[in-house]
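**Q** I'd like to ask you about the structure that follows.
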Amino acid sequence: MNLLALVRSPTLPLLTLLGAVAAVTVPPLIAFNVSPSATLLNQLASVGGWGLCLLLAVGHALPLRAALSATVWASWAFALLVAAAASSWAFGALPFSLAASSTGLLLMAWAVMLAAAAWALPAVGVSVDRRVASPPGDSAFVAFAWAMLAAGLLSAVVALVQVFWPQLTGDGDLIARSGLPGRAVGNLRQPNHLASLLMWALIVCVPLIDSGRIRRGFGALLMAVLTLAVVLTASRTGILGIVLLGLWAVFDRRLSKPVRVMLLAMPVIYAICWLGMAEWAQLTAHTFGGQVRLGEADLSASRFGIWANTAALIKANPWLGVGWGEFNFAWTLSPFPGRPIAFFDHAHNLPLQLLVELGVPLGTLVLGLGAVAFVQAARRSWQVPGPTGVLARTAFVMVLMIGAHSQVEYPLWYAYFLLPAAFAWGHALGHVAPPPEDAHSVRRARRAQDAVSSRWPKGVGALMVAASLIAAADYARVVVIFVPGNSTDSLPQRVISGQRSVLFSHHADYAAATQSDDGTMPLAAFDRVTHFLLDTRLMTSWARALAAHNDADRARYVAARLKEFRNPAAAEFFAPCDLPEAATAAAA
C-alpha cells in the first residue's frame, strides 16, 4: 500500500510545518524526565516550540492592532489574569518563582492567541469571497492540524504498547511505563491528558478528511485507531469527547456527508472497542483499566468533595479570594474534617478555581470576558463558508473540548495544552468580516500592518525560545539535589545552590525543609515551599519545626489539618499521641 496515495495535501511551507511539529508533535511525546517534575521537559519543549513557530512564520503578515481588536474580550481576560498572578506575589505571599512561571506562561499564551488571530484575519483590500479561497491562516492551521494528528497517532502507538506489550517500555525513557495496570497514560503519564490529546487528534481529522487531504477510507481507519486508544485511557474525558464529536455531526450540516457519518459512528466505535477490550481481558486474564474504573466506589474521584470544599472557601473569601496560586495552601490549612484524603493543588473545575483564587467580583469578570470571547469564536467560526469555515469550526470545537475537560480537571495549567488551546481560540476569533474599505483606508491599513507585522512575532518568538532554554538551565540547579549524578557536593551544598534558582527554588526549599525530621530546621525554610504543595512529609516537618521553636498552637493546628487527611504515611508522626490512650486501655 502506498501511504502517500492515501494522503493528498497541497504543499505546505516547510518552515511553517517544521514550526508546527516542534510546537505540537514533539512536547507530548517526550517520555524522558528528571526529578522533581515529571512534565517540566514537556512544557519547556512546548514553550520553545511555539516560540520557534513565531520565529519561522515572520514572513506572514501579522497585524498586531487588528489582532488585539479581534480578540479584545479574550485579551482583557488574559490581562486580568496576568495582573492577578503578579499581584499574588507583589501584595500576597506567593513566592516569586511560582508567580513568575504563571505570569510568563499566561503572557506567552496571549501572544500565541494574537498570532493565530492575526493569521486568520482577512488581508486588507481582499473581499470576503476572495479570502475564503486561501487566507494566510489556512496554511498555518493545516500545518497545526497535521502536527496534532501526528502527535495523536504516535501517542496511540504508545498507548497500545503500554496496555498490550508493557514489557517493551524498558526503562521508560522512550515510552513511559504506565503506573495504572491495564490503562494507557501516554508519555505525559496521565490518562486524562492522553485522552484530551487523542480527542484533539480526532477533531483535526475532520478538516483533513473533509478537504480531501486524507482519503476517506484511510481517514476512517485513523479515527478508529485513535478511538481505540481513547478507550485504553479509560478516561471520563474521552467519553465526553466522543459524545461531543457526535454532537458536532448533528449541528454542523455543512460538513461533507461521509465525514458526518464518521463522527456519528464514533460513539458506536467507542462502545465496540470497550466491549472488545473487556472480552480480551476476560479471555487472556489481563486487566482492562476501564472495568477497574467502573468498579470504583467513587466514580467522581473525590471531585464532589473538593468542589464542596472550594465552595466553602469561596464563601469564606468572597471579595479578594485566597490569591492566585494559593488554593492548595488555603484548602490544606482550612478545617475540613470530611475532606478528600488526596492532596489537591487545584479545584478541578475552571470556574471554581478562578472564583476561589481571584474572588467573586474579579473571577466573575474574567469568566464573563472569557464567555463573551467564547461565544464570539462560535459565531465567527460558524459564519465562515467553505473549507476555511471547516478549519475555523475545527478550531472552535478544539476549544470547546478542552473547556469541557477543564470542568473536571485542569489541563490548561500545562503549557502543552494551554498554548495549542490559545492558538485554536485565536484562529476562531480571527475570522472577522472586514468593514467596507475605500482606497485611502486600504493604503493606511497596509502601512499600519507593514509597520508592526515584521517585528513583534519575531521578537516574541525569540523571547519564548530563550525563556525555554534559560528555564532548562535554571531547572538543572534543582535537579542535582534529587539526582546528584557526578556532583561531589554534599546535600546541604546542593540545596543552597538550588535555592538560587529563579523559577524552581521552591523545589530546593522542599528539600531543605524535609531533610531533617528532628524539628531543627529554621522556620524560614517553610516560608516559600508551603505555598507550592503541602503534603504529608512537608506538614510533619513543619509541625515539628513549629513545636521546636515553641509555637505549640500553630504546630497543633498544622497537625490537626494533617490528621484530617487520614494518610497512612502520617501514622508514625501521630504514634506518640496514641501512647497515653493505649496505656490507659491496658490499665483498665
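The values are calculated or read from the model by the stated rules, or taken from the named source; none is laboratory data. What you see is a predicted model; the values in this text were computed from it and never measured. All Cβ positions, even for glycine, are placed from backbone atoms using ideal geometry, and neighbour counts span all protein chains on display. Just so you know, the surface numbers come from the protein's heavy atoms only, side chains and all, with ligands and any DNA or RNA stripped out. Shrake-Rupley method; radii C 1.70, N 1.55, O 1.52, S 1.80 Å.
**Q** Mind listing whichever residues of the range 256-274 are among the hydrophobic types (A, V, I, L, M, F, W, C) and either open to solvent by 10 Å² or more (accessible area, probe 1.4 Å) or more than 22 Å from G403 (Cβ to Cβ) (or both)?
**A** Listed by number, the residues that qualify are V259, V261, M262, L264, A265, V268, I269, A271, I272, C273, W274.
**Q** Go through the range 467-492 and report how many residues are open to solvent by 40 Å² or more (accessible area, probe 1.4 Å) and either under 26 Å from the mean Cα position of the chain (by Cα) or modelled with pLDDT of 85 or more (or both).
**A** Here the count works out to 13.
**Q** Quick one: M401 ticks every box in (1) modelled with pLDDT of 95 or more; (2) out of contact with any Asp or Glu (no Cβ under 9 Å at 6 or more places or on another chain); (3) open to solvent by 20 Å² or more (accessible area, probe 1.4 Å) bar one, so which box is it?
**A** (3)
**Q** Based on what the data block shows, is G519 out of contact with any Gly (no Cβ under 7 Å at 6 or more places or on another chain), modelled with pLDDT under 90, surrounded by 13 or more Cβ atoms within 10 Å (Cβ to Cβ) and part of a loop (DSSP other than H, G, I, E, B)?
**A** The answer is yes for G519.
**Q** Which of the residues belonging to the range 473-489 are more than 10 Å from L503 (Cβ to Cβ) and assigned to a helix (DSSP H, G or I)?
**A** A473, A476, V479, V480, I481, F482
**Q** Cβ-Cβ below 6 Å, separation at least six or inter-chain, first residue in the range 2-29 and within 13 Å of G48 (Cβ to Cβ), second modelled with pLDDT of 90 or more and open to solvent by 40 Å² or more (accessible area, probe 1.4 Å): which pairs?
**A** G19/L52; A22/L52
**Q** Turning to a different aspect of this structure: So for the range 34-45 (the condition being touching a residue at least 24 places away in the same chain (Cβ under 8 Å), under 22 Å from A428 (Cβ atoms) and within 19 Å of the chain's Cα centre (by Cα)), does at least one residue qualify?
**A** No, the conditions are met nowhere in the range 34-45.
**Q** Can you pull out the residues in the range 380-397 that are under 18 Å from L149 (Cα atoms) and in contact with a Phe, Trp or Tyr (Cβ under 6 Å, 6 or more places away or on another chain)?
**A** Selection gives L391, V397.
**Q** Answer yes or no as to whether P318 is over 23 Å from the mean Cα position of the chain (by Cα) and not in a helix (DSSP H, G or I).
**A** Yes: the conditions hold for P318.
**Q** Moving to a separate point now. Might you check whether a residue that is touching a residue at least 40 places away in the same chain (Cβ under 8 Å), in contact with a Phe, Trp or Tyr (Cβ under 6 Å, 6 or more places away or on another chain) and farther than 26 Å from H348 by Cβ occurs anywhere in the range 169-180?
**A** Yes, that holds for at least one residue.
**Q** Right, something else. Farther than 21 Å from L41 by Cα, modelled with pLDDT of 95 or more, in contact with a Ser or Thr (Cβ under 7 Å, 6 or more places away or on another chain) and open to solvent by 10 Å² or more (accessible area, probe 1.4 Å) - does that describe any residue in the range 146-161?
**A** Yes: the range 146-161 contains one or more residues that are farther than 21 Å from L41 by Cα, modelled with pLDDT of 95 or more, in contact with a Ser or Thr (Cβ under 7 Å, 6 or more places away or on another chain) and open to solvent by 10 Å² or more (accessible area, probe 1.4 Å).
**Q** Show the residue pairs meeting these rules: Cβ distance below 8 Å; 6+ apart or different chains; first residue within the range 307-323 and within 14 Å of G363 (Cβ to Cβ) and open to solvent by 20 Å² or more (accessible area, probe 1.4 Å); second residue at pLDDT 95 or above and β-branched (V, I, T).
**A** Within 8 Å, the pairs are I314/V356; I314/V360; N317/V356; P318/V360; W319/V360; V322/V356.
**Q** Could you list all residues from the range 170-186 that are open to solvent by 10 Å² or more (accessible area, probe 1.4 Å) and not acidic (D, E)?
**A** Matches in the range 170-186: G170, L174, I175, R177, S178, G179, L180, P181, G182, R183.
**Q** Could you check F329 against (1) modelled with pLDDT under 85; (2) open to solvent by less than 60 Å² (accessible area, probe 1.4 Å); (3) part of a helix (DSSP H, G or I) and say which number it fails?
**A** So the condition that F329 fails would be (1).
**Q** Quick check on this structure: which one of T237, T227 is within 28 Å of the chain's Cα centre (by Cα), at pLDDT below 95 and either open to solvent by 20 Å² or more (accessible area, probe 1.4 Å) or under 17 Å from M148 (Cβ atoms) (or both)?
**A** Exactly one of T237, T227 is within 28 Å of the chain's Cα centre (by Cα), at pLDDT below 95 and either open to solvent by 20 Å² or more (accessible area, probe 1.4 Å) or under 17 Å from M148 (Cβ atoms) (or both), namely T237.
**Q** If you go through the range 278-305 one residue at a time, how many are more than 18 Å from L198 (Cα to Cα) and modelled with pLDDT of 80 or more?
**A** 15
**Q** For the range 347-368, how many residues meet the condition of being open to solvent by less than 20 Å² (accessible area, probe 1.4 Å) and among the β-branched types (V, I, T)?
**A** Final tally of qualifying residues: 2.
**Q** Of all residues in the range 532-548, which are open to solvent by 10 Å² or more (accessible area, probe 1.4 Å) and either of a type in the set (S, T, N, Q) or touching a Gly at 6+ places or on another chain (Cβ under 7 Å) (or both)?
**A** Selection gives T536, T540, R544, A547, A548.
**Q** Output the number of the condition that Q353 fails; it satisfies all remaining conditions of (1) part of a helix (DSSP H, G or I); (2) more than 25 Å from D535 (Cβ to Cβ).
**A** With respect to (1) part of a helix (DSSP H, G or I); (2) more than 25 Å from D535 (Cβ to Cβ), Q353 is out only on (2).
Table: residues versus (1) at negative phi; (2) touching a residue at least 60 places away in the same chain (Cβ under 8 Å); (3) surrounded by fewer than 22 Cβ atoms within 10 Å (Cβ to Cβ).
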position	(1), (2), (3)
A70	yes, yes, no
A86	yes, no, yes
A93	yes, yes, yes
A100	yes, yes, yes
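**Q** Just the residues that are open to solvent by 10 Å² or more (accessible area, probe 1.4 Å), in contact (Cβ under 8 Å) with a residue 40 or more places away in the chain and not charged (D, E, K, R), please, taken from the range 558-584.
**A** A560, N567 - these are the residues of the range 558-584 that are open to solvent by 10 Å² or more (accessible area, probe 1.4 Å), in contact (Cβ under 8 Å) with a residue 40 or more places away in the chain and not charged (D, E, K, R).
**Q** Then there's this: Can you name the number of the only condition in (1) modelled with pLDDT under 95; (2) more than 28 Å from L255 (Cβ to Cβ); (3) of a type outside the set (S, T, Y) that L358 fails?
**A** The number of the failed condition is (1).
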